[in-house]
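See below for the structure under consideration.
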Amino acid sequence: KMLRKHTVFLYVITVFMLFGCANRGNVSGGEKDVEPPIITKTSPENFSVNFNSKEINISFNEYVKLKDIRKQLIVSPPMEYDLTITPMGSASKTINIVINDTLQENTTYAINFGQSIVDNNEENPYSFYRYVFSTGNVIDSLSVSGAIADALNRTADQFVSVMLYPIDSTFKDSTIYKTKPKYITNTLDSTTTFKIENIKEGRYRLIALKDENSNYTYEPKFDKIGFHESDITVPTDSTFNINLFKEELNFKVFRPSQIGEQRIVFPYQGDFKDMQIEVISRLPETFASVTTKDPETDSMYYWYKPKLEMDSVIFVVKHNAYRDTLVHRINSATKDSLTISALQSGSLNFYEDFTIEGSTPMVAYDQSKMNIIDKDSVMVPFEVVRDSLFNRYLFEFDKTEEQKYTIKLLPEAITDFFGTTNDTLIYSINTRLKSNYGNIRINLQNATLPVIVQLVDDRNEVKYQRIATTSPVVDFNDLQPRTYYLRAIYDVNDNSKYDTGSYLLKQQPERVSYLAEPIEVRANFDFIIDFRLLD
């Protein structure tokens, strides 16, 4: 019995000790490491002159790894061949850099790691480490700084490259399209300011790019650009503010393709207005065609009848002074059929027109076979407006509050290009109470008219627009309750649209001002806002 008690006592003590040890192990993990790694040695030393090595080693006091190195690393001047940097995807106490390029003579190079060097455990960054060396006997020490903004939107893009091109006998305006810059930095993802360091004295062209392909050259199809109006001279005490914008591409048409039995698509870039498509091949006397615009893509549809019994057709596409001849091979494709759909469903805003859209060109309508009735079965007067380019019909009528409208299209109300007509179509749409919406009056101050006034959402999508031409007072009525941002576009050339800039023409985009604070529109509430525009 005594032996049994002794055994039980030892068992309890053992269990207690085991649990105690386990608890002590969980509690005593130590404080979280918040210290960045420390560099213990660089070979060759940072800021070396007369540099002629092909390899650089940077040693740390703990294991480090490289995070987002492809985005964060900036080498200035850019090299033709990328550096080979290890470790990639693993941890080490040494970062090894192999130079695969032939270095320029008497040039200061800077390798900026951004926030990419982090310790292995907690990813504490060694922020903005720069390894600098010169192939000559001095380190260039001049700098250029400034800030990046977006010409149209509230905030600038992240990872904007800021570049300097020396103005010498080889520099032309076209240089930035095909040649890498002499010096470069990047705003990375934490700031809109920039500073290009270790620059040699001289005169430069200052360019900023949202360099989508990371190739250090300007590609207007993909990149945003910004530039200082005049060349700058270094050294300088000035700071430079650059507005990024997306250039409007010069018009160009691309190879057409057969996407329907009697439909050819013409992709293009640039402004589609005034685009004309003509056939110069010999065609049947009964041949007819119409063109419509794809609402989502940069594509124009060319519809024709009858079917062509030939191998190919020659087209000429004209756009102002532009002219291009294209040969299109006729291929078999699925026949298009007429379907009609409404662009709105559920609720219709008071400022909107009910709109239908066709899958084939709608060329005629019979209003006697259309009607609109309200919830009391009263006929509502309306007008039909045709938008032939986007292949739509708009129904204009006076709308009242909290009303239900039924739009009915009887058979043969709509006829398409191929002679097909619709079956019976019925659409229901509602309006809400005026008290469900909000109203804003904008008093423009210090404004030179005309001014385009817009309410945009947090994705910079325009929700409402008014143009102030004769009065600085602008009213927005029946607004959906939500948060908006108010901006004003200085419509200098009075063409009722925002005009972007052009690098080759040395033309900056039209100026845009934002109200400092967002506007919270509430239902059944009227706002009066004083908006002072910048000088």
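The table that follows gives values for the structure above.
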quantity	calculated
Label of the coordinate-derived value, semi-axes √(5λ) of the Cα gyration tensor in Å, listed as [x] 72, 30, 20; [y] 42, 28, 22; [z] 57, 38, 29	[z]
Dipole magnitude of the stretch 174-239 about its Cα centre (Cβ charges: Lys, Arg +1; Asp, Glu -1), debye to nearest 20	220 debye
D_trans [Stokes-Einstein, Kirkwood Rh over alpha-carbon pairs] for the stretch 391-535, 25 °C, 0.890 mPa s, µm² s⁻¹	133 µm²/s
Helix 2-27 axis, angle to the chain major axis (alpha carbon atoms, nearest 10°)	70 degrees
Difference of contour (0.36 nm per residue) and Cα-Cα distance, Asn250 to Ile467	75.4 nm
Relative packing of peptides 207-215, 250-258 - highest average C-beta neighbours within 10 Å first	207-215, 250-258
Nearest-10 value in Å² for the accessible area of Ser312, using the 1.4 Å probe	50 Å²
Gain on full stretching of the segment that runs from Asn460 to Lys506 - 0.36 nm per residue minus C-alpha separation	14.0 nm
Positive dipole terminus of the chain, leading residue within Tyr63, Ile280, Pro509 (C-beta point charges)	Tyr63
Two-site FRET efficiency, Thr483 against Lys318, from Cβ-Cβ distance with R₀ of 35 Å, rounded to 0.05	0.20
Of all accessible heavy-atom area on the chain, the percent that carbon and sulfur account for (1.4 Å)	47 percent
Check: the chain dipole with +1 on Lys, Arg Cβ and -1 on Asp, Glu Cβ, in debye	1600 debye
Charge dipole (debye, nearest 20) of the stretch 364-486; +1 at Cβ of Lys and Arg, -1 at Cβ of Asp and Glu	360 debye
FRET efficiency estimate (nearest 0.05) - Cβ-Cβ, Ser257 to Asn106, R0 35 angstrom	0.05
Length gained when the stretch Asp231-Ser341 is fully extended (0.36 nm per residue, less Cα-Cα span)	34.1 nm
Simple label model, 7 Å out from Cα along Cβ direction - Ser90 to Arg386, nm	7.1 nm
Gyration tensor (alpha-carbon) shape descriptor, the stretch 91-246, a/c threshold 1.5	oblate
Global geometry of the stretch 53-158, whether rounded, prolate or oblate, following the gyration tensor of its Cα atoms and the 1.5 cut on a/c	oblate
Accessible area of Thr297 in the full protein assembly, 1.4 Å probe (Å², nearest 10)	60 Å²
Cα gyration tensor, the stretch 297-338 - rounded (a/c under 1.5), prolate or oblate	oblate
Accessible area expressed per residue, the chain, with surrounding protein chains retained (probe 1.4 Å, Å²)	55 Å²
Calculated FRET efficiency for the pair Val327/Asp274, C-beta based, R₀ 25 Å, to 0.05	0.60
DSSP-defined beta bridges in the stretch 437-535 - what % are antiparallel, rounded to 5	75 percent
Net charge contributed by nearby residues that have their C-beta within less than 11 Å of Val118 (K/R +1, D/E -1)	-3
Gap separating the Cα centres of the stretch 384-419 and the stretch 464-535, nearest whole Å	31 Å
Pairs of Cα atoms farther than 15 Å apart, the stretch 344-437, %	60 percent
Relative contact order [Cα under 8 Å, 6+ residues apart], the stretch 378-427, whole percent	25 percent
DSSP beta bridges in the chain [antiparallel fraction, %, rounded to 5]	90 percent
Glu278 accessible area, 1.4 Å probe, all protein chains in place, Å² to nearest 10	70 Å²
Charge context of Ala516, other residues only, Cβ under 11 angstrom, K/R +1, D/E -1	+1
Sum of side-chain charges, Thr421 neighbourhood, beta-carbon under 14 Å (Lys, Arg +1; Asp, Glu -1)	-3
Mean separation of Cα contacts under 8 Å, 6 or more apart, over the residue count of the chain: relative contact order %	8 percent
Ranking by accessible area, most exposed first, for Thr86, Thr175, Thr155 with a 1.4 Å probe	Thr155, Thr86, Thr175
Selection from Phe240, Ile373, Thr500, by position along the positive dipole direction of the chain (Cβ)	Phe240
Residue order for Phe350, Phe47, Phe245 - accessible surface, 1.4 angstrom probe, largest first	Phe47, Phe350, Phe245
Kirkwood-type radius of the stretch 169-218, with distances r between different C-alpha atoms, in Å	12.5 Å
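The values are calculated or read from the model by the stated rules, or taken from the named source; none is laboratory data. Quantities reported herein were computed from a predicted structural model and do not represent experimental measurements. With ideal geometry, Cβ positions are generated from the backbone for all residues, glycine too; neighbour counts draw on all protein chains shown. Calculation scope for accessible area: heavy atoms of the full protein, side chains included, ligands and nucleic acids excluded. Shrake-Rupley method; radii C 1.70, N 1.55, O 1.52, S 1.80 Å.
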